[in-house]
Amino acid sequence: MQLVVARIGRAHGIKGEVTVEVRTDEPELRLGPGAVLGTEPAAAGPLTIATGRVHSGRLLLRFEGVSDRGGAEALRNILLIAEIDPEELPEDPEEFYDHQLMDLDVVLADGTEVGRITEITHLPSQDLFIVERPDGSEVMIPFVEEIVTEIDLEEQRAVIDPPPGLIDELPETDRPEKSNQPENSDQPDKGDA
């Protein structure tokens, strides 16, 4: 099975290095020197990692056959894909590969159906589940433990406890009242003095 492990960013320096947006929790295993990775688009690869290092908190890679800035720039935005055993699981039981989460049913703690995970978006601050609701609309659910309380792979479901307004609009009575007074005003309302 194929797993996207990184996206190539911009060129770094003049010796063929590129910045990499890591999309795996195991970069030392998947992105080490000698690793041969498929690419998307496929015509750009396969690529073999020659060297890797961390610079200012970013992973920099250089690939065999790419020795200058021009070659590195040509790789920008290419996805790096590792071939993994479908039975392989992350070491931490609280971590999951995207393929394990795709198509899980999303339900509330009381069993109410919310929808099905159709996509996972990886953002710098957190991951998002894109959930298709039964009516065809989509809702984004942050993949954080305060909201996603349980992942049950045997039952093929993700249990969520969303805050008000995340999956449904707030009723008018539950919406915060708008104040005519500026938020940072230290002045009391007229008549309160």
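Return one whole number: the accessible area per residue of the chain in Å², for a 1.4 Å probe. Please list the in-between numbers first.
Numbers: 12540 Å² over 193 residues.
Result: 65 Å² of accessible area for each residue.
List the residues, sorted by chain then number, that are 5 or more residues from V114 or on another chain and whose placed amide H is less than 5 Å from its amide H. Here V106, V107, L108 satisfy the definition.
Amide H contacts of H12: E17, V18, T19, each under 5 Å away and 5 or more positions distant or on a separate chain (H built 1.01 Å from N in the peptide plane; Pro and chain starts excluded). A Förster distance of 35 Å, applied to the separation of the beta-carbon atoms of L89 and A42, puts the FRET efficiency at 0.85.
If you run the Gaussian network model on the chain, springs between alpha carbon atoms under 10 Å, then out of V114, V54, V139 the most flexible one is V54.
Enumerate by residue number the GluC sites (Glu not before Pro) in segment 30-92 meeting two conditions: DSSP loop (anything except H, G, I, E, B), and at most 12 other Cβ atoms within 10 Å of the site's Cβ. Show your work: numbers first, answer last.
Values: sites: E64, E73, E83, E87, E88, E91; in loops: E64, E87, E88, E91.
For GluC sites (Glu not before Pro) across segment 30-92 that sit outside H, G, I, E and B with at most 12 neighbouring Cβ atoms in 10 Å, the list reads E87, E88, E91.
Could you work out the relative contact order of the chain? I mean the mean sequence separation of Cα pairs under 8 Å and 6+ apart, divided by the number of residues, in percent. Display every interim value, and only then the final one.
On the way: 329 pairs, mean separation 29.8, N = 193.
Relative contact order, the chain: 15 percent.
One decimal place: the segment S125-T112 gains 1.8 nm when fully extended, by the rule 0.36 nm per residue minus the C-alpha distance. For the options A11, A72, A43, a Gaussian network treatment of the chain with springs between C-alpha atoms closer than 10 Å singles out A43 as fluctuating the most. Modelled spin-label separation between D98 and E150, with each label point placed 7 Å from Cα along the Cα-to-Cβ direction: 2.8 nm. Near the amide H of R157, within less than 5 Å, lie the amide hydrogens of D105, D152, all on another chain or at least 5 residues away, with H placed in the peptide plane.
Rounded to a whole number, what % of the accessible area of segment 1-137 do carbon and sulfur atoms account for, probe 1.4 Å?
Values: 3720 of 7670 Å².
Carbon and sulfur: 48 percent of the exposed surface of segment 1-137.
Considering only H55, H122, H99, the Gaussian network model of the chain with Cα springs below 10 Å gives its largest mean-square fluctuation to H55.
Extending 7 Å from Cα along the Cβ direction at E26 and again at T51 yields two label points whose distance is 2.7 nm.
Provide the three semi-axes, in whole Å and in decreasing order, of the ellipsoid equivalent to the chain as defined by the square roots of 5 times the Cα gyration tensor eigenvalues.
Details: eigenvalues 345, 134, 38 Å².
Three semi-axes, in Å: 42, 26, 14.
The values are calculated or read from the model by the stated rules, or taken from the named source; none is laboratory data. Note that this is a predicted model, so its numbers are computed, not measured. Ideal geometry is used to build each Cβ from the backbone, glycine not excepted, and the neighbour counts take in all protein chains shown. Accessible surface is based on the protein model in full, side chains and every heavy atom, while ligands, DNA and RNA are left aside. Shrake-Rupley method; radii C 1.70, N 1.55, O 1.52, S 1.80 Å.
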